[in-house]
1. Any idea of the accessible area per residue across region 1-129, 1.4 Å probe, to the nearest Å²?
2. So what is the calculated 222 nm ellipticity per residue for the chain, using -39500 (n - 2.57) for each DSSP H run with n of 4 or more, over all residues, to the nearest 500 deg cm²/dmol?
3. Rounded to two decimals, what is the ratio between the C-alpha radius of gyration of the chain and 2.2 N^0.38 Å?
4. If you put +1 on each Lys and Arg Cβ and -1 on each Asp and Glu Cβ, how big is the dipole of the chain around its Cα centre, in Debye rounded to 20?
5. If I take all pairs of Cα atoms in region 23-65, what percentage of them are more than 16 Å from each other?
6. Residues with amide H under 5 Å of Tyr140's amide H, sequence separation 5 or more or different chain, H placed in the peptide plane at 1.01 Å from N; which?
7. Which length gain, in nm to one decimal place, applies between Tyr10 and Asp166 when the Cα-Cα distance is subtracted from 0.36 nm times their residue separation?
8. Mind checking region 36-83 for GluC sites (Glu not before Pro) that DSSP puts in a loop (not H, G, I, E or B) and that have at most 13 other Cβ atoms within 10 Å?
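The values are calculated or read from the model by the stated rules, or taken from the named source; none is laboratory data. Model, not experiment: these values are computed from the prediction. Positions of Cβ are backbone-derived with ideal geometry, glycine not excepted, and every protein chain shown enters the neighbour counts. Side chains are part of the model used for accessible areas, which takes the heavy atoms of the whole protein and leaves out ligands, DNA and RNA. Shrake-Rupley method; radii C 1.70, N 1.55, O 1.52, S 1.80 Å.
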Amino acid sequence: NLENLKAEAYALRKNVLNMIYRAKTGHIGGDFSVMEILVSLYGKEMNISPENQNDPNRDYFVLSKGHSVEAYYSVLAAKGFFPNGELLEKYSQFGSPFIGHPNNRLPGIEMNSGSLGHGLPVCVGIAKACKMDGRPNRVYTVTGDGELAEGSVWEGVMAASQYGLDNLCATVDRNRLQISGGTEEVMH
């Protein structure tokens with residue numbers, strides 16, 4: 001229910017703040033704006049868990065706006081992909097796999113991301129491959145609204161339409177911000 005979603009998102013935001021405070025690095029704004037989306041996807045929508053993460057029929061997820069990795073790591077830890085204590089202790093520490101963008105050496109992470117504009121096109125390829133193989137997978141991605149200025153996003157959108165990829169779900173985190181200013185001023 002909505003109240004449980006809000007409570008979980010609130011608790012995970014506190015985890016993000018703790019992680020960023022300890023590491024002295026992070027992207028609080030993007031983490032906070034994407035939290036409800038991630039909690040909803042991992043809590044209600046997607047067929048992926050630590051138990052089925054290697055099942056070829058699981059759902060796939062790519063966080064295209066990889067700079068919001070602290071929120072992503074927090075949700076994955078809450079779902080049991082790895083211990084939250086290890087995440088808090090090792091985030092952004094030398095030699096740690098918990099780096100400042102998604103790292104596919106960690107359980108539950110399909111793709112290293114953070115170079116904006118790549119997540120959706122990669123998900124188009126995954127979704128097309130699943131369809132070609134006759135598999136029931138759904139493929140999910142979250143992009144940032146500032147990322148929509150990247151041409152590769154629109155090439156991905158056109159390809160998804162062309163190939164009828166009804167197994168693909170892209171969500172835009174509309175927080176109205178990007179590195180060079182508000183989205184409405186930079187590229188509305």
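1. Roughly 46 Å² per residue, with all protein chains present.
2. So the calculated ellipticity at 222 nm is -13500 deg cm²/dmol.
3. On the way: Rg = 16.1 Å, N = 188, 2.2 N^0.38 = 16.1 Å.
Rg over 2.2 N^0.38 Å, computed on Cα atoms: 1.00.
4. Once rounded to the nearest 20, the dipole reads 320 debye.
5. On the way: 440 of 903 pairs.
So the pairs more than 16 Å apart make up 49 percent of the total in region 23-65.
6. Residues meeting the criterion, in which the H sits 1.01 Å from N, are Tyr60, Phe61, Val62, Cys169.
7. Between Tyr10 and Asp166, full extension yields an extra 53.0 nm.
8. Answer by residue number: Glu51.
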